[in-house]
Amino acid sequence: MKLGSKTFLYSVIISLIMGIVIFSYMIFLMPSMYMDYKGKQNLQNSRTAMEYFKEHESLKSTGIGDSTMLGIVVPKHGYSIKVTGAGFDGHVEFTSPSAKMLIDKIRAVDENDAKNSKALFREFKPVLSSILSENTGEIKKNFKIDINLEGNSAQFEAKGRKLHYFSGGIGIGEFSVQSRYSGTSYTYFVGVTNKGDNTLIMANSVMTPTAKEILPVLYGSMPMLALFMIILAFGVSAIYSKKIVEPIKKLSMDAEKRMYSSSDNLAPLEISGKDEIADLTAALNLLYEKQAQAVNELEEENKRKEVYMRATSHQLKTPIAASMLLVDGMIGNIGKFGNRDIYLPEVKSQLKEMMSIIDETSNINGIADNNEIEPIEMMSLCREIIGKNRINADLKGIAIQLEASGGDICWRSNTMMLKKILENLVTNGINHTKENGSVKVTVEKTRITVFNQPGHIEETIVENIFEPFVTSVEAEGSERNKGHGLGLYIAKYFAGKLGMELSGENVQDGVEFVLEKRGSDD
């Protein structure tokens, strides 16, 4: 399965799981949480209305908007009470003995009586029955009523009761009932408080939501919600998977392009964002850059080896041809070449030159394979090299000087390569300096200078002095100083391998070669 399909599938699964969690929450937790919230809200509304009632002795303009609230203000004396609601205020005077008894009992209720609601109800029940009988009798005078009640005719069943006490002497009783027929639940709040000599009573009834009432609404909305969740899940998953996979596809396509074309012709990948894919893109750009650099270096190295091998082959042709000519002459006893005592040493000289070229070729590859870097004490290394060349210098009466600018100078480099570079520069200076001349080696912190005088590089070869087998006309004419033109080439090659710069030029009446480090050792 491709990454895009996997990402899409995983996103859909996660979205569906989240949808199931949300639906489960809506079905199992939301109804009870909503019921609890509404219960607390209804109690708070009753408390607010009771506080307003106590302050104004009226429920008119409470702002709660509950039309079922009803309040009465019972004075300390008399039987005329104030009746108030959300939209009215009025007075009612009780004249019947039972009604007056009810008012007296209300005045006599204290906090301790209110806490025992069952006993209080039993105490008020006879009075309420008496009031009901009195009013029923009056009704029967004017109406003939025949109602047959069988069994338990009570419509509501008590479910629970609570008493709440708040600051300011406000007490609220909470009574829950449920219809035996419809299952609808109601909550009745009865608040009692005192203001001066007056007793304030407020009654408020609200419909209490139940899970049975809420769940059908949720079930009815589930198909639409499920469809919406599925569409949303698939849509978001498709967008998300595309956003994840698209950059990876670009990386893959770019990698394929680089497989079949030169990296030099391709621009770096565009980095967008700050996520892990952007980090991967930056890492690939760096990798491609390093890879292109390595390929270029390899191409240059192969080109150098090709040029070097061609030059070596060409250079070997001359001594081989000369040796063949001399040997054929001696074998055939032709003319002067028949004198073996004279020309056998010449053949040996040609063979030695060929061996020297082959040895130099082997040394280049052997030393170049050693990449070990270590600290090198430069003055000690230069003294060692000068010591090896002291005899050749003395034969020509050449004075060799060694100077240092500063104290101990230490370079971090490859000892074998650096030693070969300096050996070739010093040897070249001795070979191309006239008798009784001088060679001066100056060691500095970042550069080494080899200066020989008198000496001069012909203008015809000054641009190609570091090419293989390039020699001066003067050197070719001198048998003792004759070389095969590989010394400076090897020095230049090793300098490049070490990350150094080697240059040479004519200076006044001498020649100066400078080996300079690039950057620092850190």
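The values are calculated or read from the model by the stated rules, or taken from the named source; none is laboratory data. Not measured: the values here are computed from a predicted model. Note: ideal-geometry Cβ built from the backbone for every residue, glycine included; neighbour counts use all protein chains shown.
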Long-range neighbours under 7 Å by Cβ, at least six apart or interchain, first residue of a type in the set (Val, Ile, Thr) within the stretch 490-519, second in a helix (DSSP H, G or I): 490/360; 490/364; 490/420; 490/424
Among the candidates 211, 267, residue that is within 30 Å of residue 50 (Cα to Cα) and at pLDDT below 75: 211
Selection from the stretch 177-209 of residues that are buried (at least 17 other Cβ atoms within 10 Å of the Cβ) and of a type in the set (Ser, Thr, Tyr): 185, 187, 188, 193, 199, 205, 208
Out of 137, 78, 151, sole residue that is small (Gly, Ala, Ser) and modelled with pLDDT of 80 or more: 78
Residue list for the stretch 388-432, restricted to those being closer than 16 Å to residue 442 by Cβ and exposed (fewer than 14 other Cβ atoms within 10 Å of the Cβ): 399, 401, 403, 405, 406, 407, 408
Residue within the stretch 407-414 that is part of a helix (DSSP H, G or I), modelled with pLDDT under 80 and farther than 23 Å from residue 309 by Cβ present: no
Selection within the stretch 433-465 - crowded, with 21+ Cβ neighbours inside 10 Å and within 15 Å of residue 393 (Cβ to Cβ): 433, 439, 441, 450, 452, 455
Scope the stretch 192-222; condition outside any helix (DSSP H, G or I) and among the charged types (D, E, K, R); matching residues: 195, 197
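Listed here are the residues, each with its yes/no results for (1) of a type in the set (A, V, I, L, M); (2) at pLDDT 85 or above.
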| residue | (1), (2) |
| --- | --- |
| 34 | no, no |
| 44 | no, yes |
| 49 | yes, yes |
| 56 | no, yes |
| 60 | no, no |
| 64 | yes, no |
| 73 | yes, yes |
Condition check for residue 92: of a type in the set (A, V, I, L, M), under 30 Å from residue 126 (Cβ atoms) and surrounded by fewer than 17 Cβ atoms within 10 Å (Cβ to Cβ): yes
Residue 383 being modelled with pLDDT under 75 and among the charged types (D, E, K, R): no
